[in-house]
Every structure is written in structure tokens, then in C-alpha cells.
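The next block holds one structure in the form of C-alpha cells; read it before the comments.
Here, each number is a calculation from the coordinates, and none is a lab measurement. Keep in mind it's a predicted model, so treat the numbers as computed, not measured. Because the Cβ atoms are built from the backbone with ideal geometry, glycine has one as well, and the counts that use them run over all protein chains shown.
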Amino acid sequence: MALEQEGVQLSEAQIAVHWKEEEYYFPPAKFIAQANMADPSVFERFSEQNFPECFREYAELLTWDKYWHTTLDSSKPPFWRWFVGGKLNACYNCVDRHLQKYRNKAAFIWVPEPEEEDTKVITYQELYIRVNEFAALLQDVCGLKAGDRITLHMPMVPELPVAMLACARLGVIHSVVFGGFSGQACGERMVDSGSHILVTIDAYSRNGELLDHKLKADQAVEYVEKNGVKVDKVLVWRRYPGKYSSPTPMVDGRDVFVDELLKNYRGASVAPVSMPAEAPLFLMYTSGTTARPKGCQHSTGGYLSYVAGTSKYYQDIHPEDTYWCFADIGWITGHSYIVYGPLALAATSVMYEGVPLYPDPGRPWRIAERLNVNIFHTAPTTIRMLRKAGPDEPSKYNYHFKHMTTVGEPIEPEVWRWYYHVVGKGEAVIVDTWWQTENGGFLGSTLPALHPMKPGSCGPGVLGVYPVIYDELGNEIPKGSGRAGNICIRNPWPGIMQTVWGQPERFVQIYYAKYCRNPQSTDWRDWPYFAGDGAVQAADGYFRILGRVDDVINVAGHRLGTKELESAALTVEEVAEAAAVPVMDELRGRAVEMYIALKPGYSPSQEIEDKVRGAIETIIGKIARPKNVWIVPDMPKTRSGKIMRRVVAGISNFMSPGDITTLANPEIVETIRTQVQAAKLSRGELPRQLSPQELEEIGRYGQVG
Ligand code: WT7
């Protein structure tokens with residue numbers, strides 16, 4: 001077939017990545033005039049000579065009960081300790097301390113998905129009351145105290161940040177599970193974190209439908225109890241207080257309605273617990289190379305300082321701004337840049353319950369117009385969706401952004417330009433912020449008043465963060481060489497996770513083992529952080545992020561581990577082997593395709609395909625549903641029996657499967673190719689020209705097993 005493209009077989013470091021250098025865009029004078037940080041001396045303050053003390057500038061944005069004595073303790077690398085000796089409370093910093101000046105200012109503005117429902121404004125005063133009442137309830141009904149873990153499985157409703165802040169007030173460690181994850185995925189995370197309390201809601205609106213969410217709580221509890229852990233209480237908020245909107249019955253003695261219980265705590269107040277800077281604030285689970293998700297543990301003092309500082313300088317948040325981060329609080333973006341960062345700065349943070357296109361692609365712009373949003377923050381996936389469905393919608397609405405952010409995936413320069421010209425009306429600066437769940441806050445970005453923007457590049461390392469690109473052998477790849485490699489961070493920073501909950505050895509192994517120069521060393525310079533992304537650095541120092549190097553698939557900004565997907569497929573009785581691979585997708589960046597080989601005695605059927613889809617949906621959630629499930633006669637395998645993901649990934653993307661001479665069964669490749677590509681063509685899934693980066697990414701998917 002003429003559809004094939006040349007496969008890429010080189011290691012990362014050898015690959016020359018060619019693309020057109022994009023032109024610069026400069027920040028408007030009007031933006032610079034009002035920016036929080038427009039003074040270039042900041043670069044000197046955050047230069048390497050001033051590390052780690054430079055980060056005092058961020059920590060000083062907070063109110064400390066006790067000042068720290070050591071800014072960075074690196075005596076047990078890579079378990080960095082920031083602001084040691086300091087004490088503070090995160091809830092106090094996000095709520096109480098703003099009351100004097102901003103009591104009646106909106107902390108959150110919540111926009112329900114149904115457009116006929118009223119927007120709700122929650123002032124700092126009301127937030128203070130609600131957080132205190134819920135904290136009293138957690139203490140009293142659940143017996144929670146500092147250091148305990150609790151799981152919150154909730155959608156985008158204000159009750160979620162209320163619950164998070166109540167936990168922070170008590171020093172209770174929250175673990176928020178994205179609402180779109182399945183009950184079982186929630187249950188797994190509860191078991192891992194040792195939570196005995198689940199906070200949930202009966203229902204929420206998504207795409208015009210009121211979804212039953214309580215059902216997932218029952219499934220989560222069932223999973224937890226099967227694994228020998230007892231769930232003490234399920235706290236159920238109601239989307240419409242006083243009215244239960246789920247068909248799933250409440251369980252006597254275990255499930256309670258929060259709105260009813262709260263009546264007993266009217267006006268209750270709970271003193272914020274003064275926590276050590278290094279006390280964990282929350283866990284956030286993310287995917288990696290193994291099936292078991294990793295609980296990224298984030299600290300109180302370091303994390304909060306870092307998100308406050310980056311929100312101020314990079315998001316340019318002032319208390320008088322109306323800031324809308326259109327992401328989900330169930331991901332790190334929402335924790336850092338809907339809740340903790342903006343609230344630490346006394347901003348007004350907008351929360352929207354629903355999907356971008358409901359009921360039509362003008363919705364986000366109506367929200368922006370009506371609420372006078374002036375800072376807008378979202379992911380390339382959302383931008384691509386809005387651009388496709390309503391390319392001219394933004395111009396119909398009278399809103400003006402001064403600042404916009406893109407986060408979570410690489411953004412195509414074409415899409416960036418639409419964002420800039422059409423969404424931003426040419427008036428707004430854009431920051432493309434590169435970072436990860438593990439990092440707490442931004443790692444790579446332009447500083448909006450001081451650096452020009454360049455479409456498709458995140459920019460240089462942020463203040464106090466010094467990235468470097470290494471080849472596989474640990475040699476530095478110089479900027480401007482046009483060669484890609486593994487992007488690493490040479491130094492620790494206050495937002496870095498403290499450890500993988502319950503698995504400190506994995507923390508060391510995943511992020512530090514690869515490039516550690518000397519495991520005995522207590523000098524941070526010997527411990528570069530391995531981010532797991534491929535990148536290139538242009539001559540001007542700007543980084544372009546190419547995507548994951550660790551068999552993780554980024555679907556619409558959500559990280560899905562190939563191992564997790566494969567383990568889920570293997571729970572289907574008929575399935576003998578499974579391989580998950582990415583396929584390029586116009587809207588979602590990447591989609592998942594599953595290759596399945598059956599146990600002897602079974603033959604392919606639609607029913608088995610559906611079972612695989614169902615298993616993935618049950619175990620992980622709808623976001624992970626594969627685009628295609630291919631049941632093939634056999635998998636391409638190495639002589640040692642390992643499935644070669646890159647071979648099937650090549651087939652799914654209409655590129656050459658690459659070198660197959662080392663396979664034990666090379667003849668199977670042509671069989672699979674004919675089967676899959678013929679089916680794709682008949683489904684209208686046509687091949688498209690892949691960019692050098694995309695070819696390189698596909699060629700990099702490793703072996704199963
Ligand atoms: C992975 C982290 C950080 C919040 C959302 C995702 C990719 C993230 C960018 C960007 C290109 C990006 C990386 C990274 N990524 N931001 N601006 N440009 N790629 O958090 O789920 O932990 O995923 O998302 O591959 O490793 P996450």
C-alpha cells in the first residue's frame with residue numbers, strides 16, 4: 001500500500017526534529033502596564049546563584065504561623081523538604097485571611113451546566129461559613145483529624161472546594177478522584193490511600209443529562225470492602241439540596257445526606273490547625289508505566305507557596321480579576337489553578353459544571369461575557385473542540401481577556417493562532433504552561449509581560465526552575481541543536497511532590513534513578529528530576545514538548561497508562577493478551593486503540609469487543625474508552641515473548657511498523673495490517689501525514705511485559 005510512511009527506529013537522542021521555527025508574538029503594552037511582574041530584575045533574583053533562597057519570594061505571599069528556619073533541606077535526596085520549621089494552615093491562607101479586606105467579594109462563581117439555572121456567587125464570607133460548618137461535620141461525624149486521608153469523588157460543584165478547604169483546615173489529607181473515573185477506580189484509590197470516608201454527590205449535569213453519580217459510590221465501596229478495608233461513612237451531597245436526584249438507594253447507617261447533617265452545624269467554627277510546612281496537604285493519583293496508579297503526595301508549605309507565586313506571576317492574577325480556569329478540579333490543574341493558587345491571592349475563581357459545547361459552542365463565551373471574565377485558562381483539547389464546532393463564535397460575544405493559558409498537551413501552532421486571534425481577539429497574552437501532576441505547578445512557561453510568545457513552545461524554564469535535555473546516556477543536548485531528548489529539571493522546587501504515597505522506592509526509581517550521578521550525594525546537583533517527556537530546545541532557549549516517553553497515552557489531556565488499559569482488558573475472560581496504543585486524533589490529541597488476542601477456543605465477536613470496552617469503562621472510566629478494539633489472530637512478539645506495542649501502533653497510524661526482523665512471528669504483521677487498515681478505511685478513518693514528532697512518538701512505544 002502506498003499509505004505507509006517511513007518508520008522511525010532511532011533512539012530519542014539521535015532524532016533530528018525538523019519543523020518551521022514559529023514567529024514571536026509580543027505582549028500588548030496594556031497588559032504589561034498592569035502586570036504583576038514586569039521587572040526584568042526578577043530573573044536575577046531567581047538565578048541559580050540565588051537558589052534556593054529565591055523561593056522566599058513565593059513563600060512570603062503566604063501568612064505563616066511560624067516562620068521557617070531552613071528554606072531547603074536536601075539532606076535526604078530526593079526527599080526534599082521546603083521551608084522547614086515553618087507552620088501554616090492552607091485553608092486560613094485561602095479563606096480566613098481575606099475576610100478583613102474582601103469579605104463580600106466573590107471567591108467562587110459557579111455556573112451550573114443547564115443555562116436556565118442561576119449562577120451562584122460564593123463570597124469569601126460565605127465560603128468561610130461553609131468550610132467551617134463542613135469541617136465541624138468531618139470532625140464530629142467522621143472523627144477525622146490531622147494526617148487522616150479522605151476521598152472526594154465529585155464533579156465540578158462548589159461543594160468540592162468547600163470539602164477540600166475543610167480538610168485543609170483540619171490538616172486532613174484529601175484525595176480527590178476525578179468525577180469521570182469509575183466507581184472501581186475510585187475504590188482502588190481509596191484502598192491505596194487508606195481512606196475510610198468517601199464524599200460524593202447524588203448526581204450532576206453533563207451534556208444536558210443528569211448523571212447518577214451515587215451509583216459509583218456504591219461500586220467504590222463494594223471494591224474497597226472486597227479488599228478488606230472498611231468504609232465508615234459515605235457523605236452524599238445533593239445537587240439540589242433537599243431533593244435526592246439519584247435512583248440508587250441510600251444505605252442505612254453508612255450513607256448520609258450532607259445538607260441534612262449540616263443543619264446541626266449552623267454557625268459552627270473550627271480553628272484552623274497549624275500544620276508543619278512539610279505536612280502533606282493532598283494526594284493526587286496519576287498514571288505511569290505500571291498498572292497501579294501513583295498517589296502523588298503534595299506538601300502544605302512548599303506546594304501552597306509555589307501555586308501562589310506562579311498564579312501571581314504567570315497567571316497574572318490580581319484580587320480584582322475574574323479568573324476562569326476551564327479545567328476540572330479532579331485533576332492537578334484544578335487543585336493548583338482553580339482552588340489553591342487563585343484563592344491564596346484572593347481572586348474570584350469561576351467554576352463551570354459542564355462541557356464546552358453544551359448547549360452550543362457559544363456557551364463558554366456567553367459565560368465569559370456575562371461574568372466579565374478577564375483571565376481564561378484551558379487545554380488544547382477544549383480549544384480544538386471549540387474551534388471545530390464554532391470557529392466564529394467568540395466574535396459574537398462582548399468579552400475581553402487580558403490573559404489566556406493553555407495546558408496539558410502540546411498545542412498545534414495553527415490552533416494556537418486561532419486561540420490568539422479569535423478567542424483572545426488579539427488583545428490577550430498567552431502562556432503555554434508545561435508541567436505535570438507530580439510538579440504542583442508550572443515548570444516551563446513564558447513570563448507573560450517579559451517574554452514574547454512562540455506558538456507551540458512552552459518557553460523557557462519558569463523562575464527558579466532550570467531544565468536541561470539529556471540523551472539516553474546522560475549527555476546534555478545543547479540548545480539549538482535540533483535534537484530531541486529527555487527533558488529533566490536540574491534542581492528541586494517547592495511544588496515538587498514529596499513522595500509516592502506508600503511507595504517511596506518508586507518515587508526514587510521513577511523520577512530520579514535514571515540520571516542520578518551519585519546515590520550517596522546530598523548535593524541536589526546530583527539529582528536531576530526525570531520528567532518522562534521528550535523535548536527539544538530552540539536556540540532562544542524555548543522548549544517544545546513532544547510528549548511522553550514512558551508508554552503513557554495523553555488523551556484529551558488525561559494521562560492513561562498503557563499497562564492500566566491492558567490490565568483492564570485482561571479481566572475479560574476470553575482475552576489472553578492485550579496491547580494499548582495511541583492513535584493520532586484530530587480533536588483529542590491521541591485516542592486509545594486496543595489490540596486483543598483471545599484464549600484458545602474463542603473466536604472474535606462483537607460481544608467480546610464490547611466486553612473489552614465495558615471492562616475499561618468499569619475499571620477506569622469513560623474517558624479511557626478505546627476508539628477501536630482489534631481482535632487479532634496473534635500479537636507481534638519478540639523472541640522472548642514480549643508484545644511489541646510500536647508495531648501495532650505503527651499499523652493503527654498507517655505508518656510502517658518499523659524493523660520487524662527481530663520478531664518471533666514477523667508474518668503476523670501483514671495479517672494484522674490488512675485487517676486493521678481495511679477496517680479503518682471502511683470506517684472512514686483515513687490516514688494522514690504525520691509530523692516528524694508524531695512519527696517519533698509512535699516509534700517509541702515499548703514492549704508489553
Ligand atoms: C503531561 C502531564 C499539568 C496539568 C495537566 C496535565 C503533558 C502538560 C503540556 C504543555 C505539552 C504538556 C506532558 C506532561 N503536558 N502540559 N504545555 N505542552 N505537553 O497533567 O496529567 O500529569 O500530564 O502532560 O506530556 O508530562 P498530567
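Under the rule a/c < 1.5 gives rounded, and otherwise a/b versus b/c splits prolate from oblate, where does the stretch 495-573 land using the Cα gyration tensor? Here the stretch 495-573 falls in the oblate category.
A crude spin-label estimate for the pair A29 and S395, with each label 7 Å from Cα along the Cβ direction, gives 2.6 nm. When the C-alpha to C-alpha distance is required to be over 30 Å, the pairs from K216/K627; K402/K627; K145/K226; K87/K402; K388/K637; K145/K263 that qualify are K402/K627; K87/K402; K388/K637.
Taking every DSSP beta bridge with both residues inside the stretch 148-266, roughly what % is antiparallel (nearest 5)? Show your work: numbers first, answer last.
Details: 5 of 21 bridges.
Counting DSSP beta bridges with both partners in the stretch 148-266, the antiparallel share is about 25 percent.
The slack between E667 and E115, meaning 0.36 nm per residue of separation minus the straight C-alpha distance, is 193.1 nm. In the chain, the DSSP-assigned H stretches of four residues or longer account for a calculated mean residue ellipticity at 222 nm of -7500 deg cm²/dmol, using -39500 (n - 2.57) per stretch and the full residue count as denominator. Among beta bridges from DSSP that stay inside the chain, the antiparallel ones total about 60%. In sequence order, the stretch 626-634 has phi-based couplings of x, 5, 9, 10, 10, 8, 10, x, 7 Hz under the Karplus curve 6.51 cos²θ - 1.76 cosθ + 1.60, θ = phi - 60°, and Gly or Pro positions carry x. For the stretch 419-430, putting each phi into the Karplus relation 6.51 cos²θ - 1.76 cosθ + 1.60 with θ = phi - 60° gives couplings of 4, 5, 7, 8, 5, x, 6, x, 9, 10, 7, 10 Hz, in residue order, rounded to whole numbers and with x for Gly and Pro. When only alpha carbons are used to place a centre, the stretch 502-580 and the stretch 369-435 end up 29 Å from one another. Sort the stretch 218-305 into rounded, prolate or oblate with this rule: let a ≥ b ≥ c be the square roots of the eigenvalues of the Cα gyration tensor; rounded if a/c is under 1.5, and if a/c is not under 1.5, prolate when a/b is larger than b/c, oblate otherwise. Oblate shape, in that a/c is at least 1.5 and b/c is the bigger or equal ratio.
Which shape class, rounded, prolate or oblate, goes with the stretch 152-211 when its Cα gyration tensor gives a ≥ b ≥ c as root eigenvalues, a/c under 1.5 marks rounded, and past that a/b bigger than b/c marks prolate? Since a/c reaches 1.5 but b/c is at least a/b, the shape of the stretch 152-211 is classed as oblate.
Put a dot 7 Å past the Cα of S605, heading toward its Cβ, do the same for Y240, and the two dots end up 4.2 nm apart. Between R417 and E472, full extension at 0.36 nm per residue minus the direct alpha carbon distance yields a gain of 16.4 nm. Here the scattering of the chain is modelled by Debye summation over its C-alpha atoms, one equal scatterer each and no solvent; at q = 0.05, 0.08 Å⁻¹ the log10 of I(q)/I(0) is -0.23, -0.60. Working from label points 7 Å from Cα in the Cα-to-Cβ sense, the L681 to L261 distance is 6.1 nm. Candidate membrane-span-like segments in the chain, meaning DSSP H helices with Cα atoms spread over at least 30 Å of their own axis and a Kyte-Doolittle mean of -1.0 or above, do not occur, with no membrane implied either way. Compared with the direct C-alpha span, the chain from L61 to R103 gains 13.2 nm at full extension, assuming 0.36 nm per residue. Listed by chain and number, the lysines whose C-alpha is less than 17 Å from the C-alpha of K120, apart from same-chain residues fewer than 8 away, are K105.
For a footprinting-style exposure proxy, rank Y128, Y313 by other Cβ within 10 Å, fewest first.
Details: Y128 20, Y313 25.
Placing the least packed residue first, the sequence is Y128, Y313.
Across the chain, the relative contact order, built from alpha-carbon pairs under 8 Å that are at least six residues apart, equals 15 percent.
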